[in-house]
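Quick note: the coordinates plus some simple rules give every number you see, no bench work behind them. Please read these numbers as outputs of a predicted model, since none were measured by experiment. Because the Cβ atoms are built from the backbone with ideal geometry, glycine has one as well, and the counts that use them run over all protein chains shown.
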Amino acid sequence: MAGKEIARILATDCGSTTTKAILIEKRDGEYRLIRRGEAPTTVEAPAEDVTKGVLNAVAEIEDLEGRKFLKADGEGIEISPDGKGGVDIYMSTSSAGGGLQMTVAGVVKTMTGESAQRAALGAGAIVMDVVASNDGRLPHEKVADIRRLRPDMILLSGGIDGGTIDHVVELAEIIRAADPKPRFGVGYKLPVIFAGNKDAREAVKEALGDRVELKIVDNLRPVLEKENLGPARDIIHELFMEHVMAQAPGYPKLMEWAGYYDEKGRWKQVPIMPTPGAVGKLIETVAKNEGIEVMGVDIGGATTDVFSVFKDGAGEPVFNRTVSANLGMSYSVSNVLASAGFDNVMRWVPFHMDEADLRNRIRNKMIRPTTIPQMLKELIVEQAIAREALRLALVQHKELATGLKGVAQERTIGDAFEQTQTGSTLVNMMSLDLLIGSGGVLSHAPRRSQAALMLIDSFLPEGITKLAVDSIFMMPQLGVLSEVHPKAATEVFDKDCLIRLGTCVAPSGENRKADVLAEVEYTSPDGTVKKIRVERGKMHVEPLGVGEKVDAVIRPARGLDVGAGPGDEWMGTLEGGVVGLIFDGRGRKPFDLPEKDATRIEKLQEWAMALEIYPDRFIHLEEEE
């Protein structure tokens, strides 16, 4: 967008239940969030036109601002070619109608199958199934599963360039036999992307014939040692626009609205992105701009998405995203209990509750998904379930965010003593710089300290980790904006989107004898010299405001690590936040809650009081029915 001054930006996110609009303006030389509006999404009956929800959300911004942003006939956004009136650019993301749903196929499930999965997830899709030659299903079972799932598109991969052809053609013939019908639209062909062995292209064309809309891109795994996910992700976005969105109610109109006029007055369209793909773009942008390792989590009603950027063995940043489609806080809340188990959920609840009571509360939440806790006990139970949903989502993320499997590594004599192997996870909680939480249970927690403790308990960050939450879930809109105007996106993200909670200091490692895990020393902004002992089994908070930074020295006990190495002194900057500096002496590797029920409850209450998590020191808990 070089050459044209962009002063007013309007962006919407069409979610499955709510359409959210934000207005960004340039004021005093910087971009800031000015106003937000929302309205129910209208992709289903009776409206069956997604643009109605967009117009209603923007109309709310009009009412609050006392300015016009809609066209006079109410059918579209007023986009000004000369900077006078309306807005300079409009863009949107969408997950309405269930978002982008894909099936991926690869010859070997743990190699090209996983590469295809990473490509689809990174593009913002929900992967419904991974079909592979070695997945243990008979051909007719694979055909039946593809037909039943009715994906929006299929990504077919397999074989390195110059490698096997037979297995790739076999997968193509299974897709042909399934002849899957898309969810939306009648009479158009299902998009199938082939990103496999280049020598198999003609054979795949012949196998699939004219049954599908076949797109051919560069191989995902041209050689075993390399992944090339970019071309496949780009074509997924393109086909999402052309096929999936074009068939959904009202989207052709929305696609026409999204865009801007360049400096020569020519209309430029801005593609609509899947909501998770846009959030991933923003996480990638932040990691790249600041040169840090970042992890973000979005916990919703039905799914939990985890995004991360960690460096690989060569020091290159690698982006990964996973979708835990059965872990959520309303529609999928019973799945969380089933996956985690009663004991794992109850270990976070600082009072006694029988199993039947817990199960009934969770079932009530599932059948009334839009309700929120009314009493403190209900809030504590909901946040306990959230901890397990987040923990399980991280486990799944670690399994997919790995180095390439099937790669022969060159080993030296020094490696002989290390238990390294191909396919090991890239997720390293010790090197993680920033952890961002999003979704209702985190963003709308009554106290910010509750969100901080949920993130710490579920992700168990090690060493020095900054914590933040998305204030009002505007990351999707900022993600699509980062593609067009990175400066505006990063400024609003930093100043208005992120709520900086503070920094967690958590010594990690094996030392069961030390009563003091680390000693910390720094000078606070008012000139006071602070000397803090991180005591075993305790949590402690020191106030340090948003934007305040201190130079600190941390001396861990023998064998414990805070980022400089086991037993080594760490020197660096600690950054404050709404909660402050959180010193976690509960240990890592292992982190164990007390086994005795009474001791565990006592400890949970002690940690909650240290962070001022709940009011009145639990006095009223026993009174609640």
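Figures for the structure shown
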read-out	value
Residues of type lysines that Lys531 reaches as a straight line, Cα spacing below 23 Å, ignoring anything fewer than 8 places off in the same chain	Lys466, Lys513, Lys549
Cβ crowding within 10 Å averaged over residues, with 590-596, 544-550, 193-199 ranked highest first	193-199, 544-550, 590-596
Distance between modelled label sites at Lys549 and Glu595, nm, 7 Å Cα→Cβ extension	4.6 nm
Longest to shortest principal axis, alpha-carbon extents of the chain, angstrom	70, 67, 53
Average Cα contact separation per residue, the chain, under 8 Å, 6 or more apart, as relative contact order %	11 percent
Kyte-Doolittle at least -0.5, axis length at least 15 Å by Cα - qualifying DSSP helices, the chain	50-65, 166-178, 275-290, 376-400, 448-459
Rounded if a/c under 1.5, otherwise prolate or oblate - segment 531-597, Cα gyration tensor axes	oblate
Cβ-Cβ FRET estimate between Val223 and Arg32, R0 fixed at 35 Å, reported to 0.05	0.15
Net charge of Cβ neighbours under 12 Å - reference Met539; Lys, Arg +1; Asp, Glu -1	-2
Unsatisfied cross-links (Cα-Cα over 28 Å) in the set Lys142/Lys281; Lys109/Lys311; Lys398/Lys589; Lys181/Lys253; Lys142/Lys215; Lys84/Lys495	Lys142/Lys281
Lys/Arg +1, Asp/Glu -1 at C-beta; the chain dipole; positive extreme among Val529, Met475, Thr112	Thr112
Relative contact order (%) - segment 99-228, alpha-carbon pairs under 8 angstrom, separation at least six	26 percent
Nonlocal amide H pairs with Thr402, under 5 Å, H built at 1.01 Å	Leu426
Sequence-distant aspartates and glutamates (8 or more away, or on other chains) whose Cα lies within less than 16 Å of Lys198	Asp161, Asp166, Glu170, Glu206, Asp218, Glu227
Within-11-Å neighbourhood charge of Phe307 [Cβ basis; K, R +1; D, E -1]	-1
Segment 99-228 - Rg (one decimal) and Dmax (whole number), Cα, Å	13.2, 42
